[in-house]
Ligand code: ADP
Ligand code: MG
């Protein structure tokens, strides 16, 4: 609908994604700044289009203070563009925060790391365990959404440094028959869990592994597993041995990170287990 498109003034581009540009836009009716993902679907395969529709549907249903808010979707059939309008996160992404600290040779404060981790746990908890209410039957059923591409580039920050988990491009909402696993995985190899390398099942615990890797990287300013070749990387991940965090970080933080980065998925904590961690519990109570 061109009228809806007319409702926004285009500003500068803020990122380029796998689908296309992310642009800052201003909503004319109230001057609010939003982010717009601009997706050219002309060259997309059926599979890619399906993936896109799935991202849109996932975002539409997910409402949580730590998940990027989806506002609307505009289809421009004439030019084959889909626009996804979402909350603008002016604090940028976590990858940039890590990069800046690395360049300046300063570590990220432990308080900040616990706060980011807690908010990511809350966001994942909503994905893994949140309830959805069927508008017709008014019945609540559990949702099961796997993020599948949790990494610092996909963790956004708003003006108040609140965490907003975004980029659900590869996530998949599982139906009952697929409950415990979903096999296709296309993500960043640095954060890929051992079970995915061995070509087995992706489940909520694979997101937990990635979360462990993100927290590790916030502390060490580099991912836990680094290698020059894919084979070497796979071997390291399957071994699952990670270095100690830099000495300024507490034993408690080391313990949580180590618990999440365990080769056996069943041994990793669930989001529920993590929310019971005393430190995480206190921070999540303060957030409410
Ligand atoms: P891709 O699927 O290509 O990775 P993303 O959704 O991760 O696309 O967006 C790419 C980059 O654009 C992000 O890493 C981030 O820097 C920026 N970006 C995306 N969405 C927003 C947003 N809502 N607010 C601010 N920046 C964003
Ligand atoms: Mg991304």
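The values are calculated or read from the model by the stated rules, or taken from the named source; none is laboratory data. The structure displayed is predicted, hence computed values, not measured ones. Here the Cβ positions follow ideal geometry from the backbone for every residue, glycine too, while neighbour counts run over all protein chains shown.
Before moving on, here are some points about what is shown:
- Boolean, residue 54 is modelled with pLDDT under 90 and over 23 Å from the mean Cα position of the chain (by Cα): no
- Residues that are away from ligand 2 (no atom under 16 Å from the Cβ) and in contact with a helix residue (DSSP H, G or I) (Cβ under 8 Å, 6 or more places away or on another chain), drawn from the stretch 12-33: none
- Number of positions in the stretch 69-78 that are over 21 Å from residue 127 (Cα atoms) and either out of contact with any strand residue (DSSP E or B) (no Cβ under 8 Å at 6 or more places or on another chain) or modelled with pLDDT of 90 or more (or both): 2
- Count - residues of the stretch 82-102 that are away from ligand 1 (no atom under 11 Å from the Cβ), more than 26 Å from residue 42 (Cβ to Cβ) and in a strand (DSSP E or B): 0
- Evaluated against (1) surrounded by 13 or more Cβ atoms within 10 Å (Cβ to Cβ); (2) in a loop (DSSP other than H, G, I, E, B), residue 42 falls short on exactly one condition, (1).
Here is a yes/no grid of residues against (1) under 26 Å from residue 34 (Cβ atoms); (2) crowded, with 16+ Cβ neighbours inside 10 Å:
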residue	(1), (2)
104	no, no
138	no, no
145	yes, yes
153	yes, yes
156	yes, yes
161	yes, no
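- Among the residues of the stretch 8-37, the ones that are surrounded by 14 or more Cβ atoms within 10 Å (Cβ to Cβ), over 19 Å from residue 158 (Cβ atoms) and at pLDDT 90 or above come to 1 in all.
- Failed item, numbered, when residue 283 is tested on (1) without any contact (Cβ under 8 Å) to a residue 24 or more places away in the chain; (2) closer than 25 Å to residue 162 by Cβ; (3) surrounded by 13 or more Cβ atoms within 10 Å (Cβ to Cβ): (1)
- Yes/no for residue 156 being within 11 Å of ligand 2 (Cβ to nearest atom), in a strand (DSSP E or B) and under 12 Å from the mean Cα position of the chain (by Cα): yes
- Matching residues in the stretch 45-61 - criterion: being in contact (Cβ under 8 Å) with a residue 12 or more places away in the chain and either part of a strand (DSSP E or B) or within 16 Å of ligand 2 (Cβ to nearest atom) (or both): 51, 52, 54, 55, 56, 58, 59
- Residues that are in contact (Cβ under 8 Å) with a residue 12 or more places away in the chain, crowded, with 20+ Cβ neighbours inside 10 Å and under 19 Å from residue 23 (Cβ atoms) do occur in the stretch 66-74.
- Filter result (touching a strand residue (DSSP E or B) at 6+ places or on another chain (Cβ under 6 Å) and part of a loop (DSSP other than H, G, I, E, B)) within the stretch 1-27: 19, 20
- Looking only at the stretch 57-68, and only at residues there that are within 12 Å of ligand 1 (Cβ to nearest atom) and modelled with pLDDT of 90 or more, the one that is nearest to residue 143 (Cα to Cα): 67
- Restricting attention to the stretch 2-48, the residues being under 14 Å from residue 84 (Cα atoms) and away from ligand 1 (no atom under 12 Å from the Cβ) number 9.
Yes/no per residue for (1) assigned to a helix (DSSP H, G or I); (2) free of Cβ contacts under 8 Å to residues at least 24 places away in the same chain:
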residue: 222; (1), (2): no, no
residue: 225; (1), (2): no, no
residue: 228; (1), (2): no, yes
residue: 234; (1), (2): yes, no
residue: 237; (1), (2): yes, no
residue: 242; (1), (2): no, no
residue: 245; (1), (2): no, no
residue: 253; (1), (2): yes, no
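- Residue check for residue 84: closer than 18 Å to residue 21 by Cβ and crowded, with 18+ Cβ neighbours inside 10 Å: yes
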